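The values are calculated or read from the model by the stated rules, or taken from the named source; none is laboratory data. The model shown is predicted, which means the values in this text are computed figures rather than measured ones. Cβ: placed from backbone, ideal geometry, glycine included. Neighbour counts: every protein chain shown.
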């Protein structure tokens, strides 16, 4: 069994929680993190070593990293950047501050955390950084522009990091899930209601369709998979001697990766607009 260490963000539910529990059972030294103190307590009650980490606060990131390194003797084998949320809404209705908040959590926080971990991995001579992107990191959908933009940014940063860290023996890997059954919709619903004036928008009719989707208990998207399927890809990325650069998870991700390469842009736009 492995005794290697891994720091995971966004472990309050869904992909992060499943990964933390599975890897812990597999023998990893798992450090699970979450933004809220109650979620940290819940993780600890599940038997996990857990710390509070708010990706929008540099001080919180530094404190969590310090706590982890104190327990590992200054080493860390793996970082799984996963914590994120989706801000729905048409771009014309989206307050710029809401877009800033989306990037603080989904991009800038990841960058700050990764910056603090890279020197650790360089000193020890190895490491792997796994980034949980999305199918929406390379194709765009209406009313998901803020999330799209954040994941497109992660894709660009990850590709660049991979080139810059190649000589340091640090692998940088992208996971690209499509629809997964998680608490993601509930968090997106809260962001939607907080930042979008639904009733006064030209997109009111479409917004009510979005509300129906976000309030459903399970995803109604075709080919939806479970967090388990992301964890399977994560384990391969951690344990393979030569991990893939990208793990395309769910049928929609695999199909759209092909469509993006072979279809005219206008035809792809048509298909995405229908979704």
### Query
Assuming residue 76 fulfils every condition listed in (1) part of a loop (DSSP other than H, G, I, E, B); (2) surrounded by fewer than 20 Cβ atoms within 10 Å (Cβ to Cβ) apart from one, which condition is it?
(2)
### Summary
Considering region 8-49, residues that are in a loop (DSSP other than H, G, I, E, B) and more than 13 Å from the chain's Cα centre (by Cα), and then whichever is farthest from residue 73 (Cα to Cα), we arrive at 36
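What about residue 46, is it touching a helix residue (DSSP H, G or I) at 6+ places or on another chain (Cβ under 7 Å), more than 14 Å from residue 4 (Cα to Cα), surrounded by fewer than 19 Cβ atoms within 10 Å (Cβ to Cβ) and at pLDDT 95 or above?
So residue 46 passes the test.
Kindly indicate whether residue 87 is over 30 Å from residue 204 (Cα atoms), within 16 Å of the chain's Cα centre (by Cα), in contact (Cβ under 8 Å) with a residue 12 or more places away in the chain and not in a helix (DSSP H, G or I). Show your work before the answer.
Details: over 30 Å from residue 204 (Cα atoms): no; within 16 Å of the chain's Cα centre (by Cα): yes; in contact (Cβ under 8 Å) with a residue 12 or more places away in the chain: yes; not in a helix (DSSP H, G or I): yes.
Judged against the criteria, residue 87 is not a match.
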### Task
List the number of the failed condition for residue 178; all other conditions in (1) touching a strand residue (DSSP E or B) at 6+ places or on another chain (Cβ under 9 Å); (2) modelled with pLDDT under 95; (3) more than 23 Å from residue 109 (Cα to Cα) hold.
(3)
### Query
For region 131-182, what are the residues that are surrounded by fewer than 21 Cβ atoms within 10 Å (Cβ to Cβ), closer than 16 Å to residue 113 by Cα and within 17 Å of the chain's Cα centre (by Cα)?
153, 157, 161
### Summary
Output for Cβ contacts, cut-off 6 Å, separation at least six or different chains, first residue closer than 20 Å to residue 140 by Cα in region 225-254, second surrounded by fewer than 14 Cβ atoms within 10 Å (Cβ to Cβ) and modelled with pLDDT under 95, reads 250/223; 251/223; 252/223
#### Entry: Subset of region 112-134 [within 22 Å of residue 230 (Cα to Cα) and part of a helix (DSSP H, G or I)]
113, 114
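Condition test on residue 99, is it under 15 Å from residue 130 (Cβ atoms) and part of a helix (DSSP H, G or I)? Can you show your working first?
Numbers: under 15 Å from residue 130 (Cβ atoms): no; part of a helix (DSSP H, G or I): yes.
No: the conditions fail for residue 99.
Each row is one residue, and each column tells you yes or no for (1) farther than 26 Å from residue 81 by Cβ; (2) in contact with a helix residue (DSSP H, G or I) (Cβ under 6 Å, 6 or more places away or on another chain); (3) modelled with pLDDT of 95 or more.
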| residue | (1), (2), (3) |
| --- | --- |
| 171 | no, no, yes |
| 184 | no, no, no |
| 202 | yes, no, yes |
| 225 | no, no, no |
| 230 | no, yes, yes |
| 234 | no, yes, yes |
| 239 | no, no, yes |
| 269 | yes, no, no |
### Summary
Checked region 111-127 for anything surrounded by fewer than 23 Cβ atoms within 10 Å (Cβ to Cβ) and either in contact (Cβ under 8 Å) with a residue 60 or more places away in the chain or farther than 16 Å from residue 162 by Cβ (or both); matches are 112, 116, 117, 119, 120, 123, 124, 125
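Looking at region 215-224, which of its residues are over 20 Å from the mean Cα position of the chain (by Cα) and in contact (Cβ under 8 Å) with a residue 24 or more places away in the chain?
215, 216, 222, listed by residue number.
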### Task
Report yes if some residue within region 32-39 is over 30 Å from residue 211 (Cβ atoms) and surrounded by 17 or more Cβ atoms within 10 Å (Cβ to Cβ); otherwise report no.
yes
